[in-house]
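The values are calculated or read from the model by the stated rules, or taken from the named source; none is laboratory data. This is a predicted model, so every value here is computed, not measured. Here Cβ is always computed from backbone atoms with ideal geometry, including for glycine, and neighbour counts include all displayed protein chains.
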Amino acid sequence: MSEWSGTVWLGAVALVLLLTLGAIILVYLLMRLREVRQRLSDREAEHEVVLDRLQENENRLRAVFESEPECVKLQSADGTVLEINPAGLALIGAEQPEDIIGRKIFVIVAPEYRDYYRENMRRVFAGESVVYEFKAITLKGRSCWMESHAVPLRDARGNIHALLGITRDITEHKWAEEQARRHQSELTRVARLSTMGEMATGIAHELNQPLAAIANFARGCLRRLRGGEVTCAELIVPLEEICQQADRAGEVIRHVRDFVRKRVARMSAVDINLVVRSAVRLTELESRQQYAHVGLDLAPQQPRVWADSIMIEQVVSNLIRNSIEAMAEARSPHREVTVKTRQLGEDAVEVEVSDLGPGIDGALIDQVFDQFFTTKPDGVGMGLSISRSIVESHGGQLRAESRPGGGAVFRFTLRAIGRTLADNERRYSLHH
Ligand code: ADP
């Protein structure tokens, strides 16, 4: 073999090797490329999944925001409304989002509450979560009470960029509170009536002193006048004393008159079961303190009674209290009071309060209704007498009974109102 052909052969071998190497590198690069492409498309797919998930989350949040029955809104630090949900629009009386978005929230805050509202906003932008109540006047001019729960909303870096507020209308609640407050003051007035007996003893004592002093001074004056040895000047001091004492007696009487103002009955169609429940609530403290249980057995769907609910509530709570006291005094092991209501024929409803106490001695059964009759060391003896006169002023009767096996039963009836009266009343309250 010539040297030339050897060189050609070697060259050919080198070329083949080179080509093979090139092919290997090319295949390797192609594989890497495919791998990179695959990774890229995987990333893209992942990215899309994340985007989808984000979109899904946003949709979900938006759906919650849109369908939330409470008003949800975002506000900037100067009070500009950034976003508000449909419930919020309805609450503030806006027809469309543009009515309030971009405007200051203060347009619906009553002027006297604006400073207070600003202060609460300031606290939220300082990082606090706050709850506050304020009076509002909606865009439609309705005046109402609102309660807001406001929290700071932070961005990814932790900076507070908005206030997130959830607001609801609490006008009804405020109204109910006001009603309860009125109810309480009514009760206080009725309770004052119950202390009349206590007062009577006090008044007698208070009046006794000035009356005795007046009698003494007057007798002294008379004696001197009859003796004939008195000058006009000498009568001035005792007569002044008489005037002073008479003024003092007048003062005592005025005080009593202020205390026991006559209460005019406020009659309405009353659901007796509601009155009973309310009376039971009034005696909760006593029953807890004396380990007594008050059970209810209330007939459903009874006709309403025409009554002053506060007065009847006072009667029922008084009967329950008497039962609790009787059982506590007798150290009864089972302290159970039962309040029952039932319809009696067409036109009456009966309320019964019974207990497992010692009952009432047969000879005393009528006496317990007498004024100042009491067997309790610190009793006044006015409760049952007042209760009976309240029931009688409603056209009913209050009676006591002793059960054979022990325990007392008090029953009273009230007139049920007929359908016509109930209908009229409903119509009346709808139109007024
Ligand atoms: P007070 O409670 O101040 O004594 P009341 O007029 O309410 O006045 O009651 C008069 C009396 O009737 C009581 O002192 C008690 O002797 C009797 N009495 C009332 N309720 C009961 C009862 N449930 N069980 C036993 N005795 C009772």
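Ser309 falls short on exactly one of the conditions (1) modelled with pLDDT of 95 or more; (2) crowded, with 20+ Cβ neighbours inside 10 Å, and that condition is (1).
Tally time: how many residues in the range 317-344 are part of a loop (DSSP other than H, G, I, E, B), within 13 Å of the ligand (Cβ to nearest atom) and free of Cβ contacts under 8 Å to residues at least 40 places away in the same chain? Steps first, answer last, please.
Looking only at the range 317-344, we keep the residues that are part of a loop (DSSP other than H, G, I, E, B), and these are 330-335.
Adding the requirement that they be within 13 Å of the ligand (Cβ to nearest atom) leaves 330, 332, 335.
With the extra rule that they be free of Cβ contacts under 8 Å to residues at least 40 places away in the same chain, the set shrinks to 330, 332.
The number of residues fulfilling the criteria is 2.
Hey, could you check the range 404-413 for residues that are out of contact with any Gly (no Cβ under 6 Å at 6 or more places or on another chain) and more than 10 Å from the ligand (Cβ to nearest atom) and say which is nearest to Gln302 (Cα to Cα)? That would be Arg411.
A quick yes/no check of all residues on (1) in a helix (DSSP H, G or I); (2) polar (S, T, N, Q); (3) at pLDDT 75 or above:
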| site | (1), (2), (3) |
| --- | --- |
| Leu164 | no, no, yes |
| His173 | yes, no, yes |
| Glu178 | yes, no, yes |
| Ile203 | yes, no, no |
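Here are Lys135, Lys140: which of them is at pLDDT below 95, in a loop (DSSP other than H, G, I, E, B) and surrounded by fewer than 19 Cβ atoms within 10 Å (Cβ to Cβ)? Please lay out each step first, then the result.
On the way: Lys135 fails: in a loop (DSSP other than H, G, I, E, B).
On inspection, the qualifying residue turns out to be Lys140.
Considering the range 361-379, and only residues there that are closer than 29 Å to Val305 by Cα and not charged (D, E, K, R), the residue that is nearest to the ligand (Cβ to nearest atom) turns out to be Val368. Return only the number of the condition from (1) closer than 17 Å to Ala408 by Cα; (2) within 15 Å of the ligand (Cβ to nearest atom) that Glu350 does not satisfy. Unmet condition: (2).
Each row is one residue, and each column tells you yes or no for (1) of a type outside the set (Gly, Ala, Ser); (2) farther than 21 Å from Ile386 by Cα; (3) not in a strand (DSSP E or B).
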position: Val280; (1), (2), (3): yes, no, yes
position: Leu285; (1), (2), (3): yes, yes, yes
position: Gly295; (1), (2), (3): no, yes, no
position: Gln301; (1), (2), (3): yes, yes, yes
position: Glu313; (1), (2), (3): yes, no, yes
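Table: residues versus (1) in contact with a helix residue (DSSP H, G or I) (Cβ under 7 Å, 6 or more places away or on another chain); (2) assigned to a helix (DSSP H, G or I); (3) farther than 21 Å from Met146 by Cα.
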| site | (1), (2), (3) |
| --- | --- |
| Gly11 | no, yes, yes |
| Tyr28 | no, yes, yes |
| Arg34 | no, yes, yes |
| Arg60 | no, yes, yes |
| Ile101 | no, no, no |
| Val107 | no, yes, no |
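Beta carbons closer than 8 Å, at least 6 apart along the sequence or on distinct chains, pair a first residue in the range 357-386 that is touching a residue at least 12 places away in the same chain (Cβ under 8 Å) and aliphatic (A, V, I, L, M) with a second that is within 7 Å of the ligand (Cβ to nearest atom) and outside any helix (DSSP H, G or I) for Ile360/Ala408; Val368/Ile360; Val380/Thr374; Leu384/Phe373.
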